[in-house]
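Okay, so here's the structure we're looking at.
What follows draws every value from the coordinates through simple rules; no lab data is involved. On a predicted model such as this, the values are computed, not experimentally measured, just so you know. Positions of Cβ are backbone-derived with ideal geometry, glycine not excepted, and every protein chain shown enters the neighbour counts.
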Amino acid sequence: MLLCIAASAQTAEEFKEKYNRQVRNTGAAGVGVETILDKWLEAYPGDCDALEGRFAYYWAKSRKTEVVAKDSKKYLGTNPVLTLKDSLGNPVYYFEEPFFDESLFAESTKNIEEAIKLAPTALEYRFDKINALIDYEKDSPDMAATELLNLIDYDSKSHPMWYLRGESVGPEDFETAIQEYCYTFYNLNTPNGYNSFKIVSEKMSSLHPSNPDWLANIGAYYQVAKKDNKKATKYYKKALKLDPNHFAANRNMKIMEKNK
């Protein structure tokens, strides 16, 4: 009698565990990672976790950093990795700046967009793309802001049940996530960063007029980016009308009064 023994196929979860273990040992683009991802997607085409892994692989492969000199004490919201003095004794600030291989970055983006298409209510994939764009665009997060505005539009029109790593995300948590991106844009301390901060805050304020945070954001834009205290005061007062104890609005109004 002929005995046939079939090798048991790996489950998607087993592939995921193997992938995570390899990433811990070698990094997102380390030796052996691509082979695991190829086999995983061959066995489970369209597995979103595998597509996210491939996104991370190509993103890590595309990204390199160089230490570059800048004039300011901060660059993209970060402190210098090194400060030296030039021949005249003036400080020179050095920052670690990312640079990208365009073709590899495009491959990375293609994979995360496929995951978003297959799982449109899984926020982790959308956040992956936005985070990658913020890093890629550096001082001018225009594409990242557009992606965030598209996400806000999708939320307001479709009212989906959002999930993050399998856990449900409520409306307040969604707004908090958007606010975190606003802080990121603001902390870039660049004209386009401030503009992205403003347009996202204006969009959210129009959709959530009872939330004073967005009005306070717009006030901060005029106060810091435009040095227009009159307009800033107008928005802070609107925020305080909704919440007289709003911390940021009260604090910034006091700062403006002090600096008169």
What helices (runs of 4 or more DSSP H), lying completely within the range 191-244, carry at least 1 residues that are more than 20 Å from the chain's Cα centre (by Cα), among the aromatic types (Phe, Trp, Tyr) and more than 25 Å from residue 142 (Cβ to Cβ)? 229-242
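Is it the case that residue 93 is crowded, with 17+ Cβ neighbours inside 10 Å, within 23 Å of residue 135 (Cα to Cα), more than 23 Å from the chain's Cα centre (by Cα) and of a type in the set (Ser, Thr, Tyr)?
On the way: crowded, with 17+ Cβ neighbours inside 10 Å: yes; within 23 Å of residue 135 (Cα to Cα): yes; more than 23 Å from the chain's Cα centre (by Cα): yes; of a type in the set (Ser, Thr, Tyr): yes.
Yes: the conditions hold for residue 93.
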Can you confirm whether residue 129 is closer than 19 Å to residue 46 by Cα, among the charged types (D, E, K, R) and either assigned to a helix (DSSP H, G or I) or free of Cβ contacts under 8 Å to residues at least 60 places away in the same chain (or both)? yes
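When you scan the range 35-53, how many residues do you find that are buried (at least 16 other Cβ atoms within 10 Å of the Cβ) and more than 30 Å from residue 81 (Cα to Cα)?
Going through the range 35-53 one residue at a time, the tally reaches 11.
If you go through the range 150-188, how many residues are of a type outside the set (Phe, Trp, Tyr), over 18 Å from residue 118 (Cα atoms) and surrounded by fewer than 16 Cβ atoms within 10 Å (Cβ to Cβ)?
Going through the range 150-188, the residues of a type outside the set (Phe, Trp, Tyr) turn out to be 150-153, 155-161, 164-173, 175-180, 182, 184, 187-188.
Of the ones still in play, those that are also over 18 Å from residue 118 (Cα atoms) are 152-153, 156-157, 169-173, 175-180, 182, 184, 187-188.
Within this subset, residues satisfying the condition of being surrounded by fewer than 16 Cβ atoms within 10 Å (Cβ to Cβ) are 153, 156-157, 170-173, 176, 180, 187.
Final tally of qualifying residues: 10.
Which of the following residues is more than 28 Å from residue 70 (Cβ to Cβ) and either acidic (Asp, Glu) or out of contact with any helix residue (DSSP H, G or I) (no Cβ under 9 Å at 6 or more places or on another chain) (or both): 101, 142, 153, 135? Steps first, answer last, please.
Working: 101 fails: more than 28 Å from residue 70 (Cβ to Cβ); 142 fails: more than 28 Å from residue 70 (Cβ to Cβ); 135 fails: more than 28 Å from residue 70 (Cβ to Cβ).
From the options 101, 142, 153, 135, the qualifying one is 153.
Can you name every residue in the range 119-142 that is hydrophobic (A, V, I, L, M, F, W, C), within 24 Å of residue 61 (Cα to Cα) and over 11 Å from the mean Cα position of the chain (by Cα)?
Looking only at the range 119-142, we keep the residues that are hydrophobic (A, V, I, L, M, F, W, C), and these are 119, 122-123, 127, 130, 132-134.
Retained after the next criterion (residues that are within 24 Å of residue 61 (Cα to Cα)): 123, 127, 130, 132-134.
Listed by number, the list holds a single entry, 123.
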